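See structure below.
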Amino acid sequence: MRMKWLYRIGFLLIMVGIGREGYLMWQAHRDAALLQQYLPRLEQELIRGYAADYGNLFCVTAPHFPVGDGLPKTEWVRSPNGLSECRVTGEHRLPGGLKTGCAVCPILLKMGLIEQAELTFRDAEGQAVTRPVYRLTEAGRPLYFSEMTTRRPPVARGCEPGEKRYIPEDEAKAPVPKEGETGVGFCFAEGLRLHAIRKYQTPVRSGNEILMGVEYDVEVINPAPSLFDPEMSNLLHDIPARGNPALLPPVIGTATFKADSDERTVFHNEVSIDGPWISK
């Protein structure tokens, strides 16, 4: 009798073991299917997001160069014969003067992107005047843009005093920045892109959403050598590690997918869910 009970218990343990192994195999198959479904979607979303939204992350607003206090303000003045003449009509005042009126200039000066110089010109009364200025160096010129969003090269402000020509009325007015333009400044890289997904968690369902923890690397595209200058930490928040590729610190967060839907993935940086990490 006792042996029969031992056989029965042994049989039950074997069946439980088989059932557990079967469940684990089913769970592994389900997890693999979820990863195959959602991981490519997340990867494409990260690729698209970084390509679209991070072009100016490594740009710094700066004044028009040369910059100084009391530099000439020029305008086109129309003559009775229909031609216009470029004349000095006043001065560009720099609040705080050159010493404190350009907050980024001392840092740019240390980095060798600008230099101190003097500019001589004739004022509105025709008198020769000399003013101290900051101007671009050879190293700074390729990184400097009159419009950072479009990477438009520098354009001359105003006109050359004494120049005469026909100027249409709308051209004589100061240009109005277009919507979306970020203005003048330096850009030290083209942007960011996804480098690689390092780790990810098995997707889990929460209501009608699928959640998946992810850790990935972001690469800085075509960084300028000056991006790694020690002074750059005074201008930018995120500095990549020097290398090829130049990578930012790994990003950890949680991706949220709508179950049974192709809606765009939402990624929450620095928000992670509990669970074991799986190396890719």
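The values are calculated or read from the model by the stated rules, or taken from the named source; none is laboratory data. Because the structure is predicted, anything quoted here is derived from the model rather than measured. When we count neighbours, we look across all protein chains shown, and the Cβ atoms used for this are built from the backbone with ideal geometry, even at glycine. Just the protein is used for accessible areas: all its heavy atoms, side chains included, with ligands, DNA and RNA removed. Shrake-Rupley method; radii C 1.70, N 1.55, O 1.52, S 1.80 Å.
Just for the range 42-73: of the residues that are open to solvent by less than 50 Å² (accessible area, probe 1.4 Å) and among the aliphatic types (A, V, I, L, M), which one is farthest from Val88 (Cα to Cα)?
Looking only at the range 42-73, we keep the residues that are open to solvent by less than 50 Å² (accessible area, probe 1.4 Å), and these are 42, 45-46, 49-50, 55, 58-60, 62-63, 65, 67-72.
Narrowing further to those that are among the aliphatic types (A, V, I, L, M): 42, 46, 60, 62, 67, 71.
On the way: Leu42: 57, Leu46: 52, Val60: 30, Ala62: 24, Val67: 17, Leu71: 10 Å.
Once the filter is applied, the top-ranked residue is Leu42.
Take the range 131-153 and flag every residue that is of a type in the set (S, T, N, Q) and open to solvent by less than 70 Å² (accessible area, probe 1.4 Å).
Of everything in the range 131-153, those that are of a type in the set (S, T, N, Q) and open to solvent by less than 70 Å² (accessible area, probe 1.4 Å) turn out to be Thr137, Ser146, Thr149.
If you go through the range 109-118, how many residues are exposed (fewer than 15 other Cβ atoms within 10 Å of the Cβ) and among the aliphatic types (A, V, I, L, M)?
Total meeting the criteria: 1.
Residues of the range 229-280 being of a type in the set (Ser, Thr, Tyr), open to solvent by less than 80 Å² (accessible area, probe 1.4 Å) and either at pLDDT below 85 or closer than 23 Å to Gly49 by Cα (or both), which ones?
Listed by number, the residues that qualify are Thr254, Thr256, Ser261, Thr265, Ser272.
Got a number for residues in the range 187-221 being of a type in the set (D, E, K, R), within 21 Å of the chain's Cα centre (by Cα) and open to solvent by less than 60 Å² (accessible area, probe 1.4 Å)?
Of the residues in the range 187-221, 3 are of a type in the set (D, E, K, R), within 21 Å of the chain's Cα centre (by Cα) and open to solvent by less than 60 Å² (accessible area, probe 1.4 Å).
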